[in-house]
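Structure record follows, encoded as structure tokens.
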Ligand code: HEM
């Protein structure tokens, strides 16, 4: 497990280069955009609209829809750039089908660059994105997911076995612990207890990323402040552990049999003469950190909302317990109910409010001409609401039982060539976790909760508090 001294220096340099290269400096240098003819929107200052769009998404998106109709324009920082939001399924379909050479997503995610790195799937566009997606996809196909299932189930069973009976606790905290463990073991494939113990705090600090790190490159003097130095030091520590794991895994004697995501990614293209068919150490590091940041808190949040909604209704709890028992016996109907629960939870409480595409050439969506440089995207918040669902405010998993909602009205994972690569993974994990919870416990929600924005996800403000008692 020890790293050679030159590896340490090497890793430190890689971390420093990434943070400097990927910080936000370049975004403010984008050319201005012609906004003539764009749909209406508020005329408030751009900073106010940006804050409202992200921080107060739960009332601002529906308010925009009511005030300006199904398509509206918001001005965003930096520089009041136009962001045109679409909410009609037919327009969202056109948007997701847009040419990936024109509809770039990577630029909109560039704020994540210092942490995720330039090779991150979330940050790439065009040919680079296509190549990385092709290399990553096999690790997330149906067969691979079936391979992860039993380890996810074991981790979920271990976690819920330790829940305190008859005491109120925040289910979000427990779900965060569990989904982190799933990423470390099932995605990174780390089994060494010492390394797991070293990774957990680094990974927690990375997930809790201080937005300050994004400004280090723009204002180098800020690097002298303690908060920045701590962030960079944590990044260095995480990178050191990740590179050590990657380098050891490449030569692991059991690499061929290992089923974790990292081992699969390392095996990709090993027989090919073309090095571009394989992922380098830096690419692997960037993709792993991306999977961690994209897959951990998002899945934990969706699960805690599901527990919150179920625990408010004893009838739903009984039905979910019956489904969990059936699912444990291998009955597909049991799985179908648990799957419907997690999907309805993602509809009612969308974890991510919007996805972004920045136009590299002018394009027409829903009959509206949008200029080059403008950003477009669907409002997931509005698409999941009363515009497309009856009694939209009611938690009702039967909406997803034996039926699919109309295309582009359920889009928690975005869409098109950028659709979340971990969608199947998180649904599989959701079903496994709900099964283990409801096989064991009666669940009751304690008090009410409401969404609060944490980083980019909408989490339950009070942590979705629940009480559990062992089933009779
Ligand atoms: C409830 C759980 C999750 C939600 C709500 C979610 C949501 C999303 C959304 C909205 C996007 C952007 C899609 C777009 O631009 O059209 C995305 C992309 C992505 N997600 Fe997820 N995600 C979840 C879980 C996961 C998991 C478990 C992983 C991996 C282990 C993951 C990895 C990724 C990656 C790598 C991308 C970038 C895809 C690309 O740009 O090609 N996500 N996710």
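Only the coordinates and a few stated rules stand behind these numbers; no lab work does. All of these numbers come straight from a predicted model, not from anything done at the bench. We place every Cβ from the backbone using ideal geometry, glycine too, and count neighbours over all the protein chains shown.
Summary of values
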| read-out | value |
| --- | --- |
| Residues residue 101 and residue 67, FRET efficiency given R0 of 35 Å [Cβ-Cβ distance, rounded to 0.05] | 0.55 |
| Shape category assigned to the range 174-307 from the gyration tensor of Cα positions, a/c cut at 1.5 | oblate |
| Counting DSSP beta bridges with both ends in the chain, the antiparallel % (nearest 5) | 85 |
| Sorted peptide list for 279-291, 263-275, 430-442, criterion being average Cβ within 10 angstrom, highest first | 430-442, 279-291, 263-275 |
| Largest-first ellipsoid semi-axes for the chain, taking √(5λ) over the Cα gyration tensor eigenvalues, angstrom | 33, 32, 21 |
| Separation of the residue 452 and residue 273 label points, Cα + 7 Å toward Cβ, nm | 6.0 |
| For the range 289-345: rounded, prolate or oblate by the Cα gyration tensor [a/c cutoff 1.5] | oblate |
| Separation of the residue 51 and residue 394 label points, Cα + 7 Å toward Cβ, nm | 3.8 |
| Inter-label distance, nm, simple model (7 Å from Cα along the C-beta direction), residue 328/residue 194 | 3.8 |
| Within the chain, helix-based [θ] at 222 nm, where runs of 4 or more DSSP H residues each add -39,500 (n - 2.57), nearest 500 | -15500 deg cm²/dmol |
| Global geometry of the range 86-190, whether rounded, prolate or oblate, following the gyration tensor of its Cα atoms and the 1.5 cut on a/c | prolate |
| Sites residue 461 and residue 229, calculated FRET efficiency, Cβ-Cβ separation with R0 35 Å, nearest 0.05 | 0.65 |
| Computed E for residue 318/residue 173 - FRET, C-beta separation, R0 30 angstrom, nearest 0.05 | 0.70 |
